Every structure is written in C-alpha cells, then in structure tokens.
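Here the structure comes first, spelled out in structure tokens, and everything after it is commentary.
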Ligand SMILES: *Cc1c(COP(=O)(O)O)cnc(C)c1O
C-alpha cells in the first residue's frame, strides 16, 4: 500500500470499512485458493518442505503489494484445518463463521479492555457476558466475577494465585514460611501441565503440586484425594488448593466434583475446577449433568476455543465470590484513577493479569445471541454423537482396539498389529500417525495411556467438528487401518517417520 505512495488506510472510522472491503475480498479469495491447493486437512510433506515454501514466498525485496494475498494463500495452504473432518487430533476447534466475523469487528475497532475510555461498550459487554456465564456454571451472578483470558493456562494460573493469596495472605515471603505452612496444591495425575507451571510461576515450586492417582480413564480417585489431603496435613504442609479437572485433555474424564468440593471444604482449601475442555458440556442438556458440583468451586476455567467454536483466544476465568479477587486489584493513575471510578466509570484492569487486552468477549456474546444456548448445545451433542459412532465403529473393527467409552467428544484407541510385543504396537501406532500426517491425509492425535494389552501409545480423535458425518469417521478409521497394515508390512521405519 505504501508503495503506491501516501499513508496506508486505517480500519476504523467511517472510512475504514471501505478501505477494508477490497482487502477482505482479496483475503477471502486467497483463503479459498489456499484451501483448494491443500486439498486435505494438512499439506502433504514434512516440516522441511513447508519451511522451504515459506522461505520461497518470503524471498524477494519488499515492498510487495501482493504480500497479503501471497501470504494468506500460503497460510491457508499450510494450515492444519480443523474444518476438515480428517483433522481431529487436538482440542483445536473449527471456528464458526459468525464468531470470526465478530472477531473481525473487534480487530477493526481494537478496543482494549484495561480501561473504560479504551472500550466503552466492550467493557459493559464483557461484564454482562460474564454474568451470563456465571449463571451457566451455577454461580450466583450478582456475587460472581471473572474475566476473559488467553485460555486454560492463564485461568489456572489466576485460580491458583487467588488460592495462594487467600490461604497464605498477599505478598507472601515464601522463604520465611515455617515448615508447617508450606503450601501444597493437590491435583490429579491427569491434570493439565499448566498446574505445575503455575506453581512454579507463583513461587511455590513445581514440587508443591502433589499428584493424585487416576483410573484408566484418567478420572481422579476420590479416596486417593482424601488420602493425599490427610498426608499433606500430616507432613505439616498446608493444602492451599484442590484442582479438579472437568474434562481431561486426553480422555475427557471428569473428576468427582462433589467429592472434591467436600474434601476441599473440610481442609479449608480453595477448589479450582479446570473445565477448559468439559465446560462446553454446560451448553448441552444431555451432557451438563456430568459437571454437577461445579457450582461449588471457588474458581473455574472455561475455554470456548475448544468445545465452543470460537477462534482463539476465548478463555474464561470465573470466581464464585468477587471479594476473593482482591489480590489482583491494581490502581494505575493513568488508567483507572479512583475519582473516575467514583464518578461511575468502571474499569476491568484489576480483574486480569494482563493490561492491554483484546475484546475476546465480543465474538462469544455474538455467538450466544445468534445461536442461543440450545443452538450451541446442539453442536456439542452432534460432536458427542460422532464420538459414540466412532467408538462403536472402532469396537466393530477387529484391527482396532478401543481404550474406553467416550464421555465427551474424544475417542482413544489403537491399531492392533498382527505381530506381538509392546514395542511393535507402540512403534506401529506412532509411525502410522506420522505417515498419515506426512501424506496430508489425516491429522490424528497420539498420546500414551496405561491399560491392558501391550504398549502405551494410543491414537486419539478429538471430535469438535459438528459438520463431520458418520461416513467421514468411517473413512478416517479405514484409512488408519490401511496405514497400519502398510507400516506393519514395511521393512523398517520409513523416511516419512523421521521427517
Ligand atoms: C487445553 C487445556 C488447558 C490449557 O488451555 P489453553 O487454552 O491451551 O491455555 C488447561 N486445562 C485443560 C484440561 C485443557 O484441556
């Protein structure tokens, strides 16, 4: 744009949309062209080939007035596109078109949620949306508070920070704590790794997290939690928080929330429920009962960029009682001066770890208004139905071995090689997944779980695309079996496996 002379146009104001329109047409055309060129869930070839392609497009002297088109086409060509039914590895959802359009409005206007005078309507909108989401969780909306976050990682950090500050008091000098007050966080062995990271960032150390055993579906054992809490106290440490997971990342297992709440209460510990994945179940009448007890949490993490069809980021952090938010409060004379607040200008600064913050609430508010909870619930149910179909299809296929019945939208299984031995099973499953990725035919998840039979490697389908059909799932499973047979009959690890 600058090449033609003059200052490049802006996206805002009454002239912004007119400047954006031709650029959007160009972007949308490039998105379609890139997707056509890719032709599947992911481009064929490995990382080295794609990096060469990126270098090729970036080479050349700037300025390039076709940079938007060329780079967008490259981005789309080189995408792992969750809108393709064969892209089903991670908690990586295909965003709804309406949510993306709403997010474009946010990008164009660029409100920042740290002070009212940078985001007048967006501030009120975020506050109203959070009251709606608090009600969805079962928190009393008038007493609850929260904020949009970058996701479960940030929400978990915030929950554990408030837990630390409530139990130990703000601004703790951890070195000076007597041994009897050494803080401990109790979480299941299948809790998200961000819990350990949060403990490290909060100055408690990763070893402050005590991990409680899980069953083979990754659900925390309630008796084991009771034992862990009793032992913590017996050792002279202080259990500051229990982290319950509502929807583990791998299996979608939900910890016994009511029991967790009872035990946390008995020990004076904060209960943080990490519902980054499972929180989406609250949208569905069928699945919401899985999360019974979540309303007893002190804080909750929800991620609508997982089971919620929002472009990242759409994390939500909620606390049941606003007063417990105290240690995050900040007064910055240039953002939220006391006299402005007294005059009725609210500020969200003291609710977030961040300062400049996108209006991520907007796309979610638009989506909820457009579809309503029933509309979103129907999408959750569609993905749950797909998981049930996939599990039945795996069970009916002798070459595949189902790990367990799906609870949410994830199905775990493995290819069962004719050859014996745990190494063979693990190596073949890992390699067949890499080959599917390399050929660009499918993006399938891989994890490791205990269980009966040889080996630990499992394949994973995380089904978040409500447009996927049962026939798509059948094709994907057939592809996995075919690839497994090919790997099994190949003489050794292939080039594709190492790329
Ligand atoms: C995905 C996930 C997280 C991390 O969330 P981000 O949005 O990626 O930061 C935390 N906990 C659970 C259970 C998750 O599935």
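Taking each residue of the stretch 244-261 that is within 10 Å of the ligand (Cβ to nearest atom) and looking for partners that are at pLDDT 95 or above and in a helix (DSSP H, G or I) with beta-carbon atoms closer than 6 Å, six or more apart or interchain, yields 246/278; 246/291; 247/278.
Within the stretch 314-343, restricting attention to residues that are without any contact (Cβ under 8 Å) to a residue 24 or more places away in the chain and part of a loop (DSSP other than H, G, I, E, B), which residue is farthest from the ligand (Cβ to nearest atom)?
343
If you go through the stretch 266-290 and keep only what is without any contact (Cβ under 8 Å) to a residue 40 or more places away in the chain, touching a strand residue (DSSP E or B) at 6+ places or on another chain (Cβ under 9 Å) and surrounded by fewer than 23 Cβ atoms within 10 Å (Cβ to Cβ), you end up with just 267.
Note on the stretch 278-306: among residues that are within 11 Å of the ligand (Cβ to nearest atom), in contact with a helix residue (DSSP H, G or I) (Cβ under 8 Å, 6 or more places away or on another chain) and not in a helix (DSSP H, G or I), the one that is farthest from residue 372 (Cα to Cα) is 301. Restricting attention to the stretch 158-196, the residues that are modelled with pLDDT of 90 or more, out of contact with any strand residue (DSSP E or B) (no Cβ under 9 Å at 6 or more places or on another chain) and assigned to a helix (DSSP H, G or I) add up to 2.
I'd like to know if the stretch 225-241 contains one or more residues that are outside the structural domain of residue 384 (by TED's automatic domain parsing) and within 16 Å of the ligand (Cβ to nearest atom). So far as the stretch 225-241 goes, yes, one or more of its residues are outside the structural domain of residue 384 (by TED's automatic domain parsing) and within 16 Å of the ligand (Cβ to nearest atom).
One residue alone among 79, 51, 35, 19 is closer than 30 Å to residue 471 by Cβ and either free of Cβ contacts under 8 Å to residues at least 40 places away in the same chain or part of a loop (DSSP other than H, G, I, E, B) (or both), and that residue is 79. Among the residues of the stretch 341-369, those identified as surrounded by fewer than 16 Cβ atoms within 10 Å (Cβ to Cβ) and over 19 Å from residue 302 (Cβ atoms) are 341, 342, 343, 344, 345, 346, 355, 356.
Yes/no matrix, rows are residues, columns are (1) part of a loop (DSSP other than H, G, I, E, B); (2) closer than 25 Å to residue 83 by Cβ; (3) in contact (Cβ under 8 Å) with a residue 24 or more places away in the chain:
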| site | (1), (2), (3) |
| --- | --- |
| 420 | yes, no, yes |
| 429 | no, no, yes |
| 433 | no, yes, yes |
| 444 | no, yes, yes |
| 453 | yes, no, yes |
| 466 | yes, yes, yes |
| 474 | no, yes, yes |
| 477 | no, yes, yes |
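Which ones in the stretch 134-157 are within 15 Å of the ligand (Cβ to nearest atom) and either part of a helix (DSSP H, G or I) or not assigned by TED's automatic domain parsing to the domain that holds residue 240 (or both)? Correct list: 152, 153, 154, 155, 156, 157. The residue list 89, 122, 99 contains one member that is out of contact with any helix residue (DSSP H, G or I) (no Cβ under 8 Å at 6 or more places or on another chain) and either outside the structural domain of residue 336 (by TED's automatic domain parsing) or buried (at least 17 other Cβ atoms within 10 Å of the Cβ) (or both), which is 89.
The values are calculated or read from the model by the stated rules, or taken from the named source; none is laboratory data. If you're wondering where the values come from, they're calculated on a predicted model, not measured in any experiment. No Cβ is skipped: glycine too gets one built from the backbone with ideal geometry, and neighbour counts run over all protein chains shown.
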